[in-house]
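Okay, so here's the structure we're looking at.
The values are calculated or read from the model by the stated rules, or taken from the named source; none is laboratory data. Please read these numbers as outputs of a predicted model, since none were measured by experiment. Every residue, glycine among them, receives a Cβ derived from its backbone with ideal geometry; neighbour counts consider all protein chains shown. Heads up: the accessible areas ignore ligands, DNA and RNA and are worked out on the full protein's heavy atoms, side chains in. Shrake-Rupley method; radii C 1.70, N 1.55, O 1.52, S 1.80 Å.
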Amino acid sequence: MLEDNTIGPDELDGDLFEHFRFEAGKGQAPLRVDKFLMNLVENATRNKIQQAATNGNIFVNDITVKSNHKVKANDVVRVLMEQPPFENIIIPENIPLDIVYEDDDLLVINKPAGLVVHPGHGNYTGTLVNALAYHFENLPLNSSERPGLVHRIDKDTSGLLVVAKTDWTMSELQKQFAAKTTEREYIAIVWGNVVEDEGTIESYIGRHVKNRMQMATFPDDSTGAKYAVTHYKVLERLGYVTLVSCRLETGRTHQIRVHLKSIGHTLFNDERYGGNMILKGTTFTKYKQFIDNCFQILPRQALHARTLGFMHPIKKEFMRFETDLPQDIQTCIQKWKTYSSNHEVVEDDE
């Protein structure tokens, strides 16, 4: 039971800044708040979480709690600190942008692989947000205080992003993403022969319980995982890998990477999820040399956000953008075409 002298965040002296916010799922079994946060906060340690609780920085339903407080279904857990998150301090940087489309209300950017979208977790400069702050003034802030961002893609994923330039555009585009009326297609190279020509993957996605640098699939939302849907279609079979198109119905962290791994087809050269190992093929030395060469040509996960479509909030017309596959993915595909046409592929049990 909580003590009567606990206080809410609005009653504390000085401003507090929200660093994390999580809502427990409706199936959440009672779980200590320190363990609950350990499952969700990337790079955290239990000692740091317990110290935050000791310092009065952890709130459940706006009431300070100790580390042994039990989180229950639908509880809102927040970590509030006196200092703002460092990643919210945006330093404008003159980083070139590949702008596919721009008007007074929004712009569409073709993000290169290797560019982090927003500051955080050790990447406080050199991000897309730093570039936006340099090239554009007074961009609207999203709920995470990040200027212009309506959605995001991973650092080593290339492709299309829409950026809002006004508050109205931000709000209307966010509504479209929430209502699942946007069009988002990704092209991926995955390990193995995807037997079905097309299919749909449905699961809940949340932070991996042991490796918190990864996300994982769950059968329900009891761990705080969120419902996710990916539709895939085979574009070309290339022997020990397959070229696929993925259309997102939802937009969860690492969704395509996690969903394809869950059906046995990890993204090619996806280091975080084990795709940088030889998962299909032969034991011959020449084959290993071929794979190493492919990894050098494509030194990141083989994933590109090719197509982006949405209703323009002001013009009231559906706009659809498509960008070519970057050269590293094109070259890798061509190498696999050459290999599969000149070598016998030994089928295994998919």
Residue set Lys233, Lys155; condition basic (Lys, Arg), in a loop (DSSP other than H, G, I, E, B) and open to solvent by 50 Å² or more (accessible area, probe 1.4 Å); output residue Lys155
Can we say Thr200 is of a type in the set (Val, Ile, Thr), surrounded by fewer than 20 Cβ atoms within 10 Å (Cβ to Cβ), part of a strand (DSSP E or B) and at pLDDT 95 or above?
yes
When every residue in region 136-175 that is over 30 Å from Ile189 (Cα atoms) and acidic (Asp, Glu) is compared, the one nearest to the chain's Cα centre (by Cα) is Glu145
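So which of Arg300, Arg320 is assigned to a strand (DSSP E or B), under 22 Å from Gly159 (Cα atoms), among the charged types (D, E, K, R) and in contact (Cβ under 8 Å) with a residue 60 or more places away in the chain?
Numbers: Arg300 fails: assigned to a strand (DSSP E or B).
After ruling out the rest, the residue left standing is Arg320.
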**Request:** Might you let me know whether region 252-272 holds any residue that is crowded, with 16+ Cβ neighbours inside 10 Å, touching a residue at least 60 places away in the same chain (Cβ under 8 Å) and closer than 21 Å to Ile109 by Cα?
**Result:** yes
Here the residues within region 58-80 that are modelled with pLDDT under 90 and surrounded by fewer than 20 Cβ atoms within 10 Å (Cβ to Cβ) are Asp62, Ile63
Scanning region 39-56 for residues that are buried (at least 17 other Cβ atoms within 10 Å of the Cβ) and either touching a Ser or Thr at 6+ places or on another chain (Cβ under 8 Å) or among the β-branched types (Val, Ile, Thr) (or both), the one farthest from Lys210 (Cα to Cα) turns out to be Ala53
When Asp98 is run through (1) more than 15 Å from the chain's Cα centre (by Cα); (2) farther than 22 Å from Met319 by Cβ; (3) open to solvent by 60 Å² or more (accessible area, probe 1.4 Å), the failure sits at (2)
So, first residue under 28 Å from Asn211 (Cβ atoms) in region 273-295, second residue part of a helix (DSSP H, G or I) and among the hydrophobic types (A, V, I, L, M, F, W, C), Cβ within less than 6 Å, six or more apart or across chains; the pairs are Ile278/Ile291; Cys294/Cys332
Could you say whether any residue in region 165-181 is modelled with pLDDT of 95 or more, open to solvent by less than 20 Å² (accessible area, probe 1.4 Å) and within 30 Å of Ile291 (Cα to Cα)?
no
The residue that is surrounded by the fewest Cβ atoms within 10 Å (Cβ to Cβ), considering only those in region 330-350 that are in contact with a helix residue (DSSP H, G or I) (Cβ under 9 Å, 6 or more places away or on another chain) and either closer than 20 Å to Ile187 by Cα or at pLDDT 95 or above (or both), is Thr331
Here is a check on your reading of the model: is Gly126 more than 30 Å from Pro30 (Cβ to Cβ), free of Cβ contacts under 8 Å to residues at least 40 places away in the same chain and assigned to a loop (DSSP other than H, G, I, E, B)? yes
Exactly one of Leu279, Leu243 is in a strand (DSSP E or B), of a type outside the set (Val, Ile, Thr), open to solvent by 10 Å² or more (accessible area, probe 1.4 Å) and within 19 Å of Lys335 (Cβ to Cβ), and that one is Leu243
Of the residues in region 306-346 that are of a type in the set (D, E, K, R) and more than 19 Å from Val244 (Cα to Cα), the one that is farthest from the chain's Cα centre (by Cα) is Glu344
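Among Leu141, Leu132, Leu161, Leu149, which is closer than 27 Å to Asn269 by Cα and not basic (Lys, Arg)? Let's see the steps before the verdict.
Values: Leu141 fails: closer than 27 Å to Asn269 by Cα; Leu132 fails: closer than 27 Å to Asn269 by Cα; Leu149 fails: closer than 27 Å to Asn269 by Cα.
Residue meeting the stated conditions: Leu161.
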Of the residues in region 185-228, those that are charged (D, E, K, R) and over 27 Å from Cys294 (Cβ atoms) come to Glu202, Arg207, Lys210, Arg212, Asp220, Asp221, Lys226
The one condition Pro219 fails out of (1) surrounded by fewer than 20 Cβ atoms within 10 Å (Cβ to Cβ); (2) touching a Phe, Trp or Tyr at 6+ places or on another chain (Cβ under 9 Å); (3) at pLDDT 95 or above is (3)
Residue hits (region 201-210; more than 13 Å from Tyr227 (Cα to Cα) and more than 16 Å from the chain's Cα centre (by Cα)) are Val209, Lys210
